[in-house]
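First comes the structure, then the notes that go with it.
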Amino acid sequence: MAEPDSEPEALAPPDADDLGSPGAPKVRLQPPGVAFTVEGWSIAGIETWLRIPEFSLAIDVGRVAAPALASRHLALTHGHLDHAGGLPAWLGLRRMGAMPPARVYLPAEMMTEIKTILAAWERLQGVGFEVELFPARPFDRFSLGSGRSLVALPAHHGVPALGWAVIERRAKLCAELLGKTGPEIRALREAGHVVSKHEEVTLLAISGDTRASAVDEAPALRDAQVVLHEVTLLDDRHPPALAHAGNHTHLHDLRGSAVAAEAGCFVPYHISQRYGVTEARALLQAELGPRFGDRLLPLLPARDPPSRRRSAALAADKSSCC
Ligand SMILES: [Zn+2]
């Protein structure tokens, strides 16, 4: 059979222009009222990577993104290529830059395969990677330093998968000492009084790829300062059943869901390339705007990149949800 002259658009990778110049994140969000930023890029089935520079934390590495190289910690949500396929190159570039060993956290069930993949690539390269791998199960904790912890969250994606949260331990002045001056509090402390107690604040929670039911098991997806949740499909042309077949979340699944109910900010991400940016914003705003108001902050670029062009073939495709 003769080869087709060109690949169908639905299968085409992003255009070169879509990769961005090195060092330039595609989207940078500054959620109101928090002291950290969220950088990244996420198109369902194509590529997801995120970075919180203040925590030296990257989440997923679907393709190597220069800004994410600086992160010491990398939390993988699952093994699909658009989320983890860039791992060997990410490690290789970090090694080339003489960066300290990366700390990579991943679903425990992925350990054997990831070790095999990395060992094979070390043999192909003739050099080793500088990396520590940490297998994780739901609610395992890992230190990020500076009083912060990375916590694994349950996810339901048909393959081993996790969400992640960042929790910060803070000292809080005892209520009975409110109104006292600094020197007074210091004097009490030096006299042996307990002047503060510790509390934990959930700064950030991210769902990973999952069905929307994960929020029932992960309070962090309800009350983190910033909640990121995947929303792969957005309307009835691509109905919930199509999203669920891929173990993804449909926008309609969020009706009545507790996701981000007590969050400072809600960031929908992992939106299918079936939707143009303007259209995606309108659909998200119509469904979620009344509920979240200016707390809604979709992870979308300002304009359509070439890979987000909707094609008739893609829009009509009912075989894949991405
Ligand atoms: Zn996936």
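What follows draws every value from the coordinates through simple rules; no lab data is involved. Everything numeric here is computed off the predicted structure, so don't read it as measured data. In this analysis, Cβ positions are derived from the backbone assuming ideal geometry, glycine residues included, and neighbour counts consider all displayed protein chains.
Quick notes on this one:
- A crude spin-label estimate for the pair ALA245 and ASP140, with each label 7 Å from Cα along the Cβ direction, gives 3.4 nm.
- From the Kirkwood radius over Cα pairs of the range 69-165, Stokes-Einstein at 37 °C and 0.692 mPa s returns a whole-number translational diffusion coefficient of 236 µm²/s.
- Residue-span extension gain [ALA108 to GLU190] - 0.36 nm each, minus C-alpha spacing: 24.9 nm
- The value for the chain of Rg(Cα) / (2.2 N^0.38 Å) is 1.08.
- Sparsely packed trypsin sites (Lys or Arg not before Pro) within the range 225-310, loop by DSSP, other Cβ within 10 Å at most 10: ARG303
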